[in-house]
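Peer 1: Supplied in structure tokens, the structure appears directly below.
The values are calculated or read from the model by the stated rules, or taken from the named source; none is laboratory data. All values reported here derive from a predicted model rather than from experimental measurement. Please note: Cβ atoms are built from the backbone with ideal geometry, for glycine as well, and neighbour counts cover all protein chains shown. Ligands, DNA and RNA are stripped out before the accessible areas are found, and what is left, the full protein with its side chains, is counted by its heavy atoms. Shrake-Rupley method; radii C 1.70, N 1.55, O 1.52, S 1.80 Å.
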Amino acid sequence: FKLCILSSCTYRCKKGGLKQVSVLERDEEGACSRVELVAGKLGIDMKNEMQYSYRKPEEVVFRSLTGDVMESLAGRYIIEAAEGGRTAVTYELSIEFAFKLPDLVKTEITNAIIGTA
């Protein structure tokens, strides 16, 4: 679990529409606790400062502290043991946009966020 969380701060930058990831703070174990993300989709660049907290070993919770396109971005990863020594990860996401966007744009942005997760 710890290796997965520590590496996620650099891994995220290589997926989806993420353009930049800056780790602003780490917790006492070295995991990312405050991160600035810059992402782009359909010509719209989005900047969010995110806060991460950990309920080890089963949960990673995140929420936006600031953002320009999204008024609120929050969710969590739920990590559970599965059959055969596997691990199941459930991703929950809640998004509120800061201003009116066409439904197609909202869907594309939401799908990009989910795809990056």
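Peer 1: Using the Karplus curve 6.51 cos²θ - 1.76 cosθ + 1.60 with θ = phi - 60°, work out ³J(HN,Hα) for each residue of region 43-58 in order, rounded to whole Hz, and write x for Gly and Pro.
Peer 2: Per residue, the Karplus-derived 3J(HN,Hα) values read x, 10, 8, 10, 10, 9, 9, 10, 10, 10, 9, 10, 10, 6, x, 9 Hz.
Peer 1: Still on this model: Multiply the residue separation of LYS56 and GLU25 by 0.36 nm, subtract the distance between their alpha-carbon atoms, and state the gained length in nm to one decimal.
Peer 2: So the chain would gain 9.3 nm between LYS56 and GLU25.
Peer 1: Give the total of Lys-Lys pairs in region 27-117 with Cα-Cα distances below 27 Å; include a pair only if its members are 8 or more places apart or on different chains.
Peer 2: Lysine pairs, 8 or more places apart or on different chains, close enough: 4.
Peer 1: For region 20-117, which chymotrypsin sites (Phe, Trp or Tyr not before Pro) are both in a DSSP coil and crowded by at most 13 other Cβ atoms within 10 Å? Display every interim value, and only then the final one.
Peer 2: Values: sites: TYR52, TYR54, PHE62, TYR77, TYR91, PHE97, PHE99; in loops: PHE99.
In loop regions of region 20-117 (DSSP not H, G, I, E or B), the sparsely surrounded chymotrypsin sites (Phe, Trp or Tyr not before Pro) are PHE99.
Peer 1: Another question, if that's okay. Any idea what the dipole of region 17-98 comes to, in debye rounded to 20, about its Cα centre with Lys/Arg Cβ at +1 and Asp/Glu Cβ at -1?
Peer 2: 180
Peer 1: Using amide H atoms built 1.01 Å from N in the peptide plane, name the residues 5+ places from GLU58, or on other chains, whose amide H lies under 5 Å from its own.
Peer 2: Amide H to amide H, under 5 Å and 5 or more residues apart or across chains, GLU58 pairs with nothing.
Peer 1: How much accessible surface area, in Å² rounded to 10, belongs to the heavy atoms of ARG55 with a 1.4 Å probe?
Peer 2: 130
Peer 1: Let me ask something additional. Please list, or write none, the aspartates and glutamates whose alpha carbon is within less than 18 Å of the alpha carbon of LYS19, excluding same-chain residues fewer than 8 places away.
Peer 2: Those aspartates and glutamates meeting the cut-off are GLU36, ASP45, GLU49, ASP68, GLU108.
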